[in-house]
Every structure is written in C-alpha cells, then in structure tokens.
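Student: Mind having a look at this structure? Questions to follow.
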Amino acid sequence: MISSINPTIKAGAILVPGVLLGLMFDIFTPLVYLIFIIVVTFAFTDISLKRWLLIFSPFVLFILSFSWTRMLYTSESFQGGSILFEFWYFQMTTEALMVSISLALRSLCFIALSLLFILTTDSTKLMLSLMQQLKLPPKITYGVLAGYRFLPTFRHELEILRQAHRIRGVGRAKGIKGRVQQFKRYSIPLLANAIRKAERVANAMESKGFTGDRNRTHYHEMKVRRRDWVFFGSMVGALFLTVFMSYYFGYLNIFGREIN
Amino acid sequence: MKEMTQLKPLIEVNQFSFDYEQLNEPLISEVSFTINKDETVLLMGSSGSGKSTISLCLNGLYPDAVEGVASGDIFFKGINIKDFEKGELNQNVGIVFQDPESQFCMITVENELAFTLENIETPREEIEPKIDQVLKTIGMVDYKYHNIHELSGGQKQKVALASVLLLDPELIILDEPTANLDPVSSIEFINLIKGLKQETQKSIFIIEHKADDWLDFTDRVLVLNKQGQLIANDTPRSLFTTNKPLVENEGLFIPKTYQKQTLKPQNEGTSKPVEANMVINNLSFNRKKTMILNNINMTLNKGEMVAIVGENGAGKSTLLQLMAGILKPKKGNITFLGEPMQKWKEQKLRQHMGFVFQNPEHQFITDTAYDEVSFGMTLNGYSEDVIKERTEQLLHNFQLSAHKWSNPFALSGGQKRRLSVATMLDETPDLLLFDEPTFGQDAQTTNELMSIVKDLQTKGTTIFL
Amino acid sequence: MDLVDLYCDQVYVINEQQVAYEGHPHQLWQQNALLERARLRLPDRLRHGQEVGETYDLVY
C-alpha cells in the first residue's frame, strides 16, 4: 500500500516525474502516464473512487476552461500546422490544439500525482520523516504540527464570532468599506486568540522538555526500506518507459522540439 | 543530618519580582515562599493577580521566553534556577495548564506522550512501555490511539497530566487545571491527583481561585493580592477561620466548609404571575446524521430565572442558539412573545432578546467601552442625548465609567464580562440568554454578575442560563 | 450548580438529546440516579451536608 511508503521518498517519487513531465509537449506521453497514475491510485491505495472524483473533477473543469483560452492565445512558436477552423479573428491550428491538449493532460497528471500523495500521507508521519530523513530542525516540524492542530479551532471560532456579531445587530457587510470594517472586526479577536493560544502551546511544549534541539530520540523511526525505493523506481521508471514508447512511435516532443 | 535534608526546601522563592515591562509596579512583587518535599501547596489569587505567571517562573520558562524583567531568586533544591541548562529544569518541574485546547502539539494521544519522552531522549525501546504504564495510571488505556481533539476536556487534562508524569518531576504544578471542565470531570481529575499524591509523594503546587475540592489534601495556602504581593502563607484551617477577612477582601471564594452559615436559596416559593415569554414545541435538531436535540418542550415564563444543565456536549449551546434564532430548528417551533420565531424581524428580535456569549471578546465590535454600549442604541435610532445618558448610566452601573475610553480588549477578565452584559441592555430585554457566564470567574465577578442579573429579573426579564 | 441551586426558579436537565427533568431545582437534587446519568454534581450546600462528619472535624 502506498500509505506505508516513506513520505520523503514518496514526495521524491511524485516530484521527479512531475518536473520531467513538464518538459513533454506531446499528447501521448502525459496521456499514458496519467492512465498509469490512475491505475496506481486505485490498485495500491484504499482511496474510494467517489472521494477521488469529488476532489478531481473540479480541477478537470478548471483545466478545461484554462486550456481552451490557452488554445486561442498560443504563442507564435506553436502556431504552425494547418488551420483547423477560423472563428471571428481567432485562428485554430492543429499545432495549437496539440499543445493545449498536452498542457491539459500534463496539468491533470500533476493533480493526480498530488492527490496520490496528499490522500495517502499522514501529516505527522510526513513531518517525522522530513525531520529524520531530510534533517529538518525539530523546531520547524513540530511547529507545523502544532499549527496544524489549530485549523479546526480557528474555523469554529469564526463561526461563533459571526453569531455573536449578528446578536449585536451587525448585519452582513455591504460594499467594500463595509467589508473592510467587517474584516477588521473579525480579525482582531481571532488574532488576539491565536496569539494567546500559540503562546500557550509554546509554553506547554517547552514545559514538556522541548528545546528545539536535534538530539532527541524517535519513537516512530521512519526508515527507508527497499520497497520505498521500489516505489520511487517504478514511478520514475514508468515515466521513462512512456517516454521511450512515445519516442518509438514518433510522438515525443520535448520542450517544443520533436524528437524522432 | 537527616533533619537537615528534610528541612531543605524543594523550591525556595526569595524576594522575587516579575513584570513583562518594568519593575516599577511589578505584576509579582517581592514574593517569598518555599515548597517542601512531599508538600501540597495551594496558591490563591483573584483573576489577573499573576498566579499563572508564577508557575512559568518556577519552571524557568519566564522571564526568558517573554523577555520580561525579574529580580530576586528562585532556588530548586538549593541551586539557583538560572544555573540550569535549557530544558533541564522542565524535567523536574512539570506543569498542567488551564486550557485543555492549547497544550498539545501532536494529533494522537500516543504521539503526544511519545513527544515528551523523545524530548528527554528516552531510548526508543522504552517509550512504548512507558506510555502504556502512564495510560494505566490515568485510567485511559483504551484511548492510546485516539485523536486528542476528539477527547472531552477532562480527558485532555488527564493526557496533559500523563505527559507531565512521564517527565517524572519532583514538583507538579497544576495551573487551574479544572477551570474549563464540567463539575464531574473536575472532581474526577482532582481525585486522580489525590490518588497520585498518596502513591508517589511528589510535591504539588496548585493554582486555583476556588479551593474547595483541593482542601482535604492541601498542607498550606498562599494568597496573592491584586498588587502581586503575597499576603498569606498559612494552613487552610487558620487562614479560612482567623484570617478569613483577608481572603474575602481579595474577592476570593471562601470554601463552603468554612462558611458558618451556608447561603440561603433565594428561590423558594415563587408566586409570580405566570405569563409565558417563550414556548418551545417538539424541537429537534441534528447536525449531519447525529441527533443533537430530540423533541424538546419548554416554557419560559416572564420574570423567571431558568437554567439548563447537562454535561458538556449535551447540546446546551445548540439549544441556546436555536432560542436566539441564530440556528434554524429541523423540526418543531419556537414562539417568542406570542409570535413564531421565523416571523420576527432580525432587528426587532435583537431589541427584545439579549445573548451573552461565553467568551466576552467575541461580542466586541468597536474600539472603546463607550461605543460598545452605545452601539445598539445608535442602531435603534435613539437621539444623541438619550444615548449619551443611558450609556453613561449603564457604564456607571457596571462600574466601567473609569474605563469608558479603554479598548474593550484591554480590560480585565471581570470588566470584559460586565461590559459584554452591558452591551445587551440598551433596552430592558424580555429574554436574556447566557452561555456559561461564570466560567472561570472569581468569586467577586460571579457575585457582581449575579446581582445584576437578579436585578433584571425583578424588572420582568426572563433569564436563561 | 450553586447558582442554579441559589437563584433559579426552574431547571431543565438535558440528557441523551432530551429533557430528562423539568421543575424546581430543589426537587432535582433528590434524584440521584438522574444526576449521575447526566454527570451533574450536587451544589456545595447539599454536598457538605452529606459529609458532615468529616468536614465538621476540620472546622471546629
């Protein structure tokens, strides 16, 4: 299961193909890789299809609209190829179409990769791993963890604040000036409380003997095992295989240069 | 020789002063006291007297952490605490803080406890057995893998205590650990401490403004006054009998055990005319799939003081929000002054009903106390003269005249509380709702608040706690 | 709970999403089973009445 892969290595296994994909300007490579990611997502994790689609689909819409505009306004260098159709004063060329479809597919790959990481990674384990594998100072990692705990409380407090102000008879803000006023009214108590809480947590952490020193033992030892490297290898390897395939079939296009 | 070691105090505080800025009028002023081995000492003081600051000074966090100024010395086992390495003293002096929400940095109980052990460089093999052991001590073995934010307040405080126990300190400081807990959870927590005390003979330093529940195992009581001076250092018995006025003057609760005559209930035999202010019929409310309130029926009469009680999370706050019309019921209806709730216009409703939130700060919307009180009247469109007169009057009644132009956030806890009530009284409301108004308040504030409320009640306002 | 005991004319106990008791507070204090179920504590006035033997030794 991917959730048990060491988070730091997992991050690497997501980032490396992500960056390399950014260079592939053809359609074939990102398309095949996207299919590969989706297969991996459902074969090796327990993310439900419904949940995945729920997060993934808004991005699909966003990317579709984005690449549509991109298609109409492509830069000069991708304006070659025959003209597909003309609309008003826009010209649609085959090459522009290719480039934007590729762009859309690449973006979808990034999102699928990120989801694969986010949905299978526990924040605590990630921080522990960053501290143990990448030697990040404990001050930062535990700070982030402590902050992470605040998010739900923050939302809850904003909710109470809204109610309290409504009771006082402050209606919904109208106009820009009203909104600025409202923002000020909300932010002062929220900030005051956040600062107070942060200080308390800091005190509590120090009282428990936390000094920010790197010399500490680790209860959960985050080891890098063979299967972590296997995962890394297969994610990167799959990309190279795809690239090779598209080279073989003559689709490969790296950074705008067709290679064959 | 043996006597010598017995006499040597665990903690010796000598002429210690502290302030965040300068020592002209320090928060803590020339305090001297000792805590001996195996002793339980209780520190009392009204809110804002700097009690909590003392605890942070005792474990060496202050003054460094806040760049405060201090003079005088604190000795731990005869060694000045300034001579300890960073983090070293923390292992000998453990603190359980007041707020259960903000003393953890990890998500699960297991990881939080491991965090403490990692800090003191416990070898990995020993960590798990120690966690299991301490969970047994606090009676929470089943909660090892639970998320901390899903625990009740009482359970959170127990986890905080467990972290402290893992440090195996010689002195445990409890900084109002039960202030945010419901009554039964607090007594459970106190009994846990009592049991520990009998088993481990650790020294315990308790900071509390209500001494009652701790008394039967307290050896000595210290009293800090509002100027940060130590005015009493005595056994509970002598303090609460011979020196009783001293404690009362500071606005502190005298333990009920030492009150000659108990307070007489003032609510016997009501023969007020019964006239319903609010009627609740078959009210139900659920959040997603969890039922929070199911088929509630209530009648609130004019001039009555009504309370709802129940353990934390029983749905008290939800019910209040429904009554105030900030939440819409899923089923059933609420009638207020003969009109169904949904027919009330927002502005009219707010004139007839007040709601005082648990945290007064949430209700402040302006920059001065004066504006805070006059805000509602301006909204109601009163003339300038009326507003000025009524505002001055209210500020006077609530003893806030001197702070008229202060920022609400800069007021003391009790003042904030009074101001938050005053803002609801632009007109005498027919119904005043309170969400746990006396939470964590000292005796003086509580009494003041209750007399204000009593007064409103005689004017015909229904009070709902 | 002390405030309820001293001042209130009427008290509602909410337990398991429903009203488990309504009426004058003084009758509530006699319903031990209910108090325990709803995790409520007797007011100080009555609690000390029950522990007379122990506490009075301390005072006098």
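One line per residue, one yes/no per condition, for (1) closer than 27 Å to A:ASN193 by Cβ; (2) part of a helix (DSSP H, G or I); (3) modelled with pLDDT of 90 or more; (4) open to solvent by 50 Å² or more (accessible area, probe 1.4 Å):
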residue: A:PHE117; (1), (2), (3), (4): no, yes, yes, no
residue: A:THR120; (1), (2), (3), (4): no, no, yes, no
residue: A:PRO152; (1), (2), (3), (4): yes, yes, no, yes
residue: A:ILE160; (1), (2), (3), (4): yes, yes, no, no
residue: A:GLN163; (1), (2), (3), (4): yes, yes, no, no
residue: A:ALA173; (1), (2), (3), (4): yes, no, no, no
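Student: Something else: Looking at the range B:98-120, can you tell me whether even one residue there is touching a residue at least 24 places away in the same chain (Cβ under 8 Å), more than 12 Å from chain A (Cβ to nearest Cβ) and buried (at least 23 other Cβ atoms within 10 Å of the Cβ)?
Tutor: Checked against the condition, which is being touching a residue at least 24 places away in the same chain (Cβ under 8 Å), more than 12 Å from chain A (Cβ to nearest Cβ) and buried (at least 23 other Cβ atoms within 10 Å of the Cβ), the range B:98-120 yields at least one hit.
Student: Need a quick list: helices (runs of 4 or more DSSP H) entirely within the range B:142-256 having at least 1 residues that are in contact with a Ser or Thr (Cβ under 7 Å, 6 or more places away or on another chain).
Tutor: On the way: elements: B:153-166, B:183-200, B:236-241, B:244-249.
It comes to B:153-166, B:183-200, B:236-241.
Student: Among the candidates A:ILE140, A:ILE101, A:ILE111, single out the residue that is modelled with pLDDT of 85 or more, within 13 Å of chain B (Cβ to nearest Cβ) and part of a helix (DSSP H, G or I). So that I can check it myself, show each step before the final result.
Tutor: Values: A:ILE101 fails: within 13 Å of chain B (Cβ to nearest Cβ); A:ILE111 fails: within 13 Å of chain B (Cβ to nearest Cβ).
Answer to the selection: A:ILE140.
Student: Suppose the filter is out of contact with any Lys or Arg (no Cβ under 6 Å at 6 or more places or on another chain) and in a helix (DSSP H, G or I); does B:GLN133 pass it? Show your work before the answer.
Tutor: Values: out of contact with any Lys or Arg (no Cβ under 6 Å at 6 or more places or on another chain): yes; in a helix (DSSP H, G or I): yes.
Yes: the conditions hold for B:GLN133.
Student: A follow-up question, please. Can you name the residue in the range B:59-97 that is under 25 Å from B:LYS37 (Cβ atoms), in a loop (DSSP other than H, G, I, E, B) and more than 11 Å from chain A (Cβ to nearest Cβ) and, of all such residues, is most open to solvent (accessible area, probe 1.4 Å)?
Tutor: Filtering first and then ranking leaves B:LYS77.
Student: Another question about this same structure. Please go through the range B:358-405 and give me each residue that is in contact with an Asp or Glu (Cβ under 9 Å, 6 or more places away or on another chain), outside any helix (DSSP H, G or I) and β-branched (Val, Ile, Thr), ordered by number.
Tutor: B:ILE365, B:THR366
Student: Still on this structure, I have one more. Of the residues that make up the range B:215-238, is at least one under 30 Å from B:LEU23 (Cα atoms), among the basic types (Lys, Arg) and more than 12 Å from chain C (Cβ to nearest Cβ)?
Tutor: yes
Student: Let me ask something else. Anything in the range B:406-433 that is assigned to a loop (DSSP other than H, G, I, E, B) and either open to solvent by 30 Å² or more (accessible area, probe 1.4 Å) or polar (S, T, N, Q) (or both)? List them, or say none. Before the answer, list the steps.
Tutor: Taking the range B:406-433 first, the residues assigned to a loop (DSSP other than H, G, I, E, B) are B:406-407, B:411-412, B:423-430.
Hits for the range B:406-433 are B:SER406, B:ASN407, B:SER412, B:THR423, B:GLU427, B:THR428, B:ASP430.
Student: Can you list residue pairs whose Cβ atoms sit under 9 Å apart, with the first residue in the range A:123-140 being at positive phi and the second being charged (D, E, K, R)? Count only pairs 6 or more apart in sequence or on different chains.
Tutor: A:LYS135/A:ARG214
Student: Something else about it: Give just the number: which of (1) touching a residue at least 60 places away in the same chain (Cβ under 8 Å); (2) surrounded by fewer than 22 Cβ atoms within 10 Å (Cβ to Cβ); (3) within 7 Å of chain A (Cβ to nearest Cβ) does B:PRO123 not satisfy?
Tutor: Every listed condition holds for B:PRO123 apart from (1).
Student: For the range B:157-207, which positions are free of Cβ contacts under 8 Å to residues at least 40 places away in the same chain and farther than 24 Å from B:LYS130 by Cα? Spell out how you get there, then give the answer.
Tutor: Here is the first cut: in the range B:157-207, the residues free of Cβ contacts under 8 Å to residues at least 40 places away in the same chain are B:158, B:178, B:183, B:186-191, B:193-195, B:198-200.
Scanning the range B:157-207 gives B:THR178, B:PRO183, B:SER186, B:ILE187.
Student: Could I ask something else about it? Is it the case that the range A:165-180 has a residue that's at the interface with another protein chain (Cβ under 9 Å from one of its Cβ atoms) and within 29 Å of B:PHE97 (Cα to Cα)?
Tutor: Here is the first cut: in the range A:165-180, the ones at the interface with another protein chain (Cβ under 9 Å from one of its Cβ atoms) are A:165-171.
With within 29 Å of B:PHE97 (Cα to Cα) added as a condition, the list becomes none.
No, that holds for no residue.
Student: For the range B:22-45, name all the residues that are over 16 Å from B:ASN225 (Cβ atoms), at pLDDT 80 or above and assigned to a loop (DSSP other than H, G, I, E, B). If you could, list the steps in order and put the result at the bottom.
Tutor: Taking the range B:22-45 first, the residues over 16 Å from B:ASN225 (Cβ atoms) are B:22-24, B:34-41.
From what's left, at pLDDT 80 or above: B:34-41.
Correct list: B:ASN36, B:LYS37, B:ASP38, B:GLU39.
Student: With (1) open to solvent by less than 50 Å² (accessible area, probe 1.4 Å); (2) away from every other protein chain (no Cβ under 14 Å) as the list, and A:GLN133 as the residue in question, which single condition is left unmet?
Tutor: (1)
Student: Are any residues in the range B:163-177 within 17 Å of the chain's Cα centre (by Cα) and either closer than 15 Å to B:GLN201 by Cα or among the polar types (S, T, N, Q) (or both), and if so, which ones?
Tutor: The one that is within 17 Å of the chain's Cα centre (by Cα) and either closer than 15 Å to B:GLN201 by Cα or among the polar types (S, T, N, Q) (or both): B:ILE173.
The values are calculated or read from the model by the stated rules, or taken from the named source; none is laboratory data. Note that the structure is predicted; figures quoted are calculated from it, not measured. When we count neighbours, we look across all protein chains shown, and the Cβ atoms used for this are built from the backbone with ideal geometry, even at glycine. Remember, those area values only see protein heavy atoms, side chains included, never the ligands or the DNA or RNA. Shrake-Rupley method; radii C 1.70, N 1.55, O 1.52, S 1.80 Å.
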